[in-house]
Amino acid sequence: MRNWKLNFIPMYRDQSKIPKLKMSYYEKEYKRRLSLGEDGNALVMLIAINLVVFVLFKFIYVLYFFGYDEGVAKANYYADFTRNIALPSSFRLFIQKPWTLITHIFYHEDVWHIISNMLWLWAFGYIMQDLTGNRKLIPVFIYGGIAGGIAFLLAFNLIPAFKETSGFALGASAGIMAVAISTTMIAPAYRIFPMLNGGIPLWVLTMIFLIIDLATIPGTNSGGHIAHLAGAFAGFLFIYTLRKGYDGSEWMNNLYDWFNNLFNPSKPKKRIKHELFYKSKRTPYTKTPNLTQQRIDEILDKINQRGYSHLTEEEKELLKRASQEDL
């Protein structure tokens, strides 16, 4: 994993100065097999969490059928689990269960729903992780899921067409949409499916998904499509602020590191060297270069050849000292 590939994005405010990505290189890298044993692989961890949660609740769902009739089993399971994990459209119910803003992101009930979601998460997430490293993917996914949940709540409580209906939001689709938009903003010219006339640019595929979501809002899953669009906006906003110099994943990664280190006995309790030296506001020493006639002559020659603006701060300071000492 090459974690340096996106380092230039927040450093350049003028986007015209950002180096062009070599698409052929990334297309070649994309063909590499995903290593399931790679340490700290955020994509594998995210997919594994979703699959483990799905299998766990499916197992519980099967157990319900051993003790009840089919109709009763579904009703009891719905009352015991779905109503407490999925995000309700009612503000009143949400206030009673605020944790559902997070839990609904990882909860799937349909087999094809989770299979399609995990395939798209792998497709877009693999590219994003390869470009940005392991510490951006999960925060973007969570931001997208939360944004989708908030949009779902607002739509069902503020839009007149939805006020007479109710439902629950569940699934990772909004988080995956955030990952898709973020990946597209990083490398819009990246081509997938190269067997189709040289490949389809990533931005084209992403635009198709966005258009489909917009066109199907009046359909049966209107709240879900609105959540997808909110997730897309969250992904756009993450990369936009990253390029402006603000890394929205930093606090989340720091919180994870802090929590993880609580159970790491090998971690030192206090970093004395870091506290005493690296956080000090005073410099440990002041460098004072030697002032000689030869050095002054070299600086004057440099001014004649390249101009005063090409002098370093040290050379400018030497000239100033020489004028004061009449050297």
Spin-label proximity, residue 208 to the stretch 169-199 - amide N less than 13 Å from point 7 Å beyond Cα toward beta carbon: 192-197, 199
Ranked order, 107, 143, 78 - accessible area, probe 1.4 Å, largest first: 78, 143, 107
Local net charge near residue 54, Cβ-Cβ under 12 Å (Lys/Arg +1, Asp/Glu -1): -1
With every protein chain in place, the stretch 66-106: carbon and sulfur % of accessible area (1.4 Å): 63 percent
Area of residue 191 that stays accessible when all protein chains are in place (1.4 Å probe, Å², to 10): 100 Å²
Residue 55 - accessible surface, heavy atoms, 1.4 Å probe, Å² rounded to 10: 90 Å²
Residue-span extension gain [residue 92 to residue 257] - 0.36 nm each, minus C-alpha spacing: 55.9 nm
Solvent accessible area, Å² - residue 83, 1.4 Å probe, full protein context: 80 Å²
Length gained when the stretch residue 154-residue 49 is fully extended (0.36 nm per residue, less Cα-Cα span): 35.0 nm
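The values are calculated or read from the model by the stated rules, or taken from the named source; none is laboratory data. In this text the structure is predicted, and so the values were computed from the model without any measurement. Every residue, glycine as well, gets a Cβ built from its backbone with ideal geometry; the counts of neighbours run over all protein chains shown. The accessibility values were calculated without ligands, DNA or RNA, using every heavy atom of the protein model including side chains. Shrake-Rupley method; radii C 1.70, N 1.55, O 1.52, S 1.80 Å.
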